[in-house]
Amino acid sequence: MKLTLRIWRQAGPADSGRMVAYEVPDANPDMSFLELLDVLNERLTLEGDDPVTFDHDCREGICGACGVVINGQAHGPRERTTTCQLHMREFSDGDVIDVEPWRSVAFGVVKDLMVDRSGLDRIIRAGGYVSVNTGSAPEAHATPVPKPIADTAFDNATCIGCGACVAACPNGSAMLFTSAKVTHLNSLPQGAPERSERVLNLVEAMDAEGFGGCTNTGECTNACPKGIPLDSIATLNREYLRASLGRK
Ligand code: SF4
Ligand code: FES
């Protein structure tokens, strides 16, 4: 496959950045999108040029590091797929593909396609955990969890913190991400002791990071590689209202 990549190049946070076109004449349909960037980077390095900076770790769709905007879509054209799990067979010979970093006020560009997603880490730090006493593991059946609640918690726990929801949202909102944490932990009996404190702290941290509000556009759930539903945002709003009333 012969492809043309138009890639956002930005030397650092202070640089204004620009799109630069690169020909990749030897792309294989079975390559992942990141492997395509690897091939391009090998060539740029051999030619003495600066390779394209992009974030990645697991390359298995589980760490959430690799997100870029491909032809205007967060993580590209395939539903429920991270950039590292997207393969070039989704594209056609001769395609021109635009590759850009997440664009959001709360995600500053570090370099090229890499952005600073540490705002999501700080939201988790504000309450995305369950406190436990130290000691041996509790007996597995000591806390029964009904199957529908276990399923809801698990579905929301699959959020990988990639930030595609923020990048896709016209408001740059992190509501889907935050709601996944709240719905995961607040649904479970293990999360009950910190239920109110958790949602209030997470929302406060989310607002402090400069993420926008939710206007029910729904772009977040469309872009989400794990299919976190808008229902989770409704749960977040209910949990927030309940906690706010309880605090007064
Ligand atoms: S909710 Fe989905 S899109 Fe947002 S951070 Fe989690 S996995 Fe990524
Ligand atoms: S590199 Fe880990 S999810 Fe893509």
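Throughout, read-outs are computed from the coordinates displayed, never taken from laboratory work. Bear in mind the structure is a predicted one, so any value in this text is a computation, not a measurement. Quick reminder, even Gly has a Cβ in these numbers, built from the backbone with ideal geometry, and neighbours come from all protein chains shown.
Apply 1/(1 + (r/R0)^6) to the Cβ-Cβ distance of Glu79 and Val132, taking R0 = 45 Å, and write down the FRET efficiency to the nearest 0.05.
Between Glu79 and Val132 the formula returns 0.80.
Please get the size of the charge dipole for the chain, origin at its Cα centre, with Cβ charges of +1 on Lys and Arg and -1 on Asp and Glu, quoted in debye to the nearest 20.
1140 debye
Can you give me the angle between helix 147-157 and the longest principal axis of the chain, using Cα atoms only, in degrees from 0 to 90, rounded to the nearest 10?
For 147-157 against the chain, the angle is about 40 degrees.
Under 5 Å between amide hydrogens, which residues at least 5 positions from Val110 or on another chain qualify, with H placed 1.01 Å from N in the peptide plane?
Correct list: Val115, Asp116.
If you take the beta carbon distance between Ala150 and Glu60 as r and set R0 to 30 Å, what does 1/(1 + (r/R0)^6) give as a FRET efficiency, to the nearest 0.05?
For R0 = 30 Å, the calculated efficiency reads 0.80.
Quick one: compute the contact order of the stretch 118-245, relative version, from alpha carbon pairs under 8 angstrom and 6+ residues apart, as a percent.
35 percent
Describe numerically, in nm with one decimal, the distance between label points set 7 Å from Cα along Cα→Cβ at Ala142 and at Asn28.
5.1 nm
Per 10 Å bin, what is the whole-percent P(r) computed from every C-alpha pair distance within the stretch 176-248?
P(r) over the stretch 176-248, rounded to whole percents: 20, 51, 26, 3.
Beta carbons within 10 angstrom, averaged per residue: use that to sort the peptides 49-59, 179-189, highest first.
Those peptides, ordered most packed to least, come out 179-189, 49-59.
If you build the convex hull over the alpha carbons only and average its shadow over all orientations, what do you get for the chain? Give it in nm² to one decimal.
15.9 nm²
May I ask you to derive the relative contact order of the chain, considering only C-alpha pairs under 8 Å and at least 6 residues apart, and to give it as an integer percent?
20 percent
So what's the net charge close to Arg89: Lys and Arg +1, Asp and Glu -1, counting the other residues with Cβ under 13 Å from its Cβ?
-4
Which whole-angstrom value gives the distance between the alpha carbon centres of the stretch 41-96 and the stretch 138-192?
27 Å
Nearest 10 degrees is fine. How inclined is helix 195-208 to the longest principal axis of the chain, computing both from alpha carbons?
40 degrees
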